[in-house]
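In what follows, a structure is listed as structure tokens, so that the remarks can point back to it.
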Amino acid sequence: MNGVIDLRVVNRENTAKEILTGFHRPSFSETYAQNEAWSISFTVAQSKSNKSIFSFVENENYLDYDGELFVIKSTKKIGSGRLVTKAVTAVHQYFTIQDDRQNNTKTGTLSIDECLAFIFSANTKGFTYSIEDVNKRFTKVEQENFGNNDLLTLIQEVMTDYDAVMQVRGKNFVIFPREDYGVKTQNVIRYLANTDSVDFDISTYNFKTRITGYGKKKEDGSYFFAPVTYTSDKAEEWGIRVAPPLEDERFTSASAMTKKLKEILQDYPAVSVNVRLKMKHDVKIGDWVRVIYEPLNVDQYIQLVGYTRTPFSDEPPQLVFCNTKKTVIDLLSSITRK
């Protein structure tokens with residue numbers, strides 16, 4: 001990728017575009033975190049040859065990087081004698097959907113499509129969505145007063161409520177069930193076996209094997225259904241480890257609650273792997289790789305959920321694989337501090 005992709009500055013009206021020269025290529029980085037963040041950052045110094053375009057590197061103008069538009073949100077000007085430099089951070093244009101708001105609310109047992117249609121009906125910037133659910137995994141969820149917030153916050157709420165993953169290209173959001181997102185690859189990360197830099201983070205703090213869920217109450221104080229208790233098969237090996245109960249009034253059926261309990265019970269050690277290596281095969285966001293950690297008999301697939309890469313340098317990317325719903329931003333921040 002080094003030297004192949006141009007970085008272009010686009011005016012706010014998206015009517016003019018010009019290649020940005022003079023930016024410090026080793027400083028350029030792209031950070032992606034599943035469902036949470038997508039940004040680029042770099043520094044650029046003013047010169048005689050780029051003086052005109054340099055003046056357009058300002059907040060709310062766009063950067064065209066690898067065919068995607070990023071909105072400049074932070075510019076820090078640094079002066080040292082005659083040298084003027086800007087430190088720039090830009091986020092993917094899909095973040096601008098947060099500038100629209102759905103002031104109305106919806107209540108009821110809603111499908112993910114009904115929630116998204118409700119959200120996108122309030123967008124004024126031309127964003128669209130589609131749902132890829134070939135295995136019909138999405139089920140309806142009881143929502144109460146859903147809405148009354150900015151659209152990005154509502155989309156992220158839907159991703160959590162329906163255990164979904166969003167992939168954005170241009171102005172189109174494509175929504176997948178988490179279980180069906182990504183491809184299982186032949187890559188293997190093995191404890192103490194990889195020659196590249198690999199940090200294993202194995203935690204059993206939240207490793208539980210039983211959980212009980214309480215749904216919505218009726219006006220007389222009784223529940224719509226009796227409390228549901230789910231016990232994982234892992235209890236045979238690790239014993240009964242009781243998780244804090246789930247109390248969620250969006251649920252009015254025992255079957256929906258049972259499905260939710262199976263989804264949220266962490267009946268396995270939490271594994272995150274921070275990798276600096278060049279995989280034998282190209283790894284794409286969402287791909288699953290096999291991780292083997294002999295001390296705890298861990299042999300399972302975990303997903304690429306985030307990365308920081310420097311495409312204009314020879315530095316290998318920092319990849320984050322995880323099998324939990326711990327925020328990817330937290331994981332990326334933790335490895336940056338190491």
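The values are calculated or read from the model by the stated rules, or taken from the named source; none is laboratory data. Predicted model only: the values in this text are computed from it and were never measured. Using ideal geometry, Cβ is built from the backbone for each residue, glycine included, and neighbour counts are taken over all protein chains shown.
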Please tell me if Val168 is of a type outside the set (Phe, Trp, Tyr), assigned to a strand (DSSP E or B) and under 22 Å from Tyr301 (Cα atoms). no
Segment 199-219, residues that are within 19 Å of Ala256 (Cα to Cα) and assigned to a strand (DSSP E or B): Arg210, Ile211, Thr212, Gly213, Tyr214, Lys217
Every pair of residues 6+ apart whose Cβ atoms lie under 6 Å, when the first sits in segment 162-180 and is more than 19 Å from Val141 (Cα to Cα) and in contact (Cβ under 8 Å) with a residue 60 or more places away in the chain while the second is aliphatic (A, V, I, L, M) and surrounded by 16 or more Cβ atoms within 10 Å (Cβ to Cβ): Phe173/Met166
Only one of Glu132, Glu58 is surrounded by fewer than 17 Cβ atoms within 10 Å (Cβ to Cβ), free of Cβ contacts under 8 Å to residues at least 24 places away in the same chain and of a type outside the set (S, T, N, Q). Can you tell me which? Glu58
So if I check each of Asp64, Asp113, which one is in the same structural domain as Arg169 (by TED's automatic domain parsing), within 22 Å of Phe173 (Cα to Cα) and either in contact (Cβ under 8 Å) with a residue 40 or more places away in the chain or part of a helix (DSSP H, G or I) (or both)? Asp113
Of (1) surrounded by fewer than 14 Cβ atoms within 10 Å (Cβ to Cβ); (2) of a type in the set (Ser, Thr, Tyr); (3) more than 27 Å from Ile131 (Cα to Cα), Ser255 satisfies every one except (3)
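Which residues, counting only those in segment 122-181, are under 19 Å from Ala33 (Cα atoms) and hydroxyl-bearing (Ser, Thr, Tyr)?
Thr153, Thr160, Tyr162, Tyr181
A quick yes/no check of all residues on (1) out of contact with any Cys (no Cβ under 7 Å at 6 or more places or on another chain); (2) part of a strand (DSSP E or B):
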position	(1), (2)
Val88	yes, yes
Ile119	yes, no
Gly126	yes, no
Asn135	yes, no
Val158	no, no
The correct count of residues that are at pLDDT below 95, among the hydroxyl-bearing types (Ser, Thr, Tyr) and surrounded by fewer than 20 Cβ atoms within 10 Å (Cβ to Cβ) in segment 150-177 is 1
Going by what's in this entry, would Phe28 be described as among the aromatic types (Phe, Trp, Tyr), closer than 16 Å to Lys77 by Cβ and surrounded by 19 or more Cβ atoms within 10 Å (Cβ to Cβ)? no
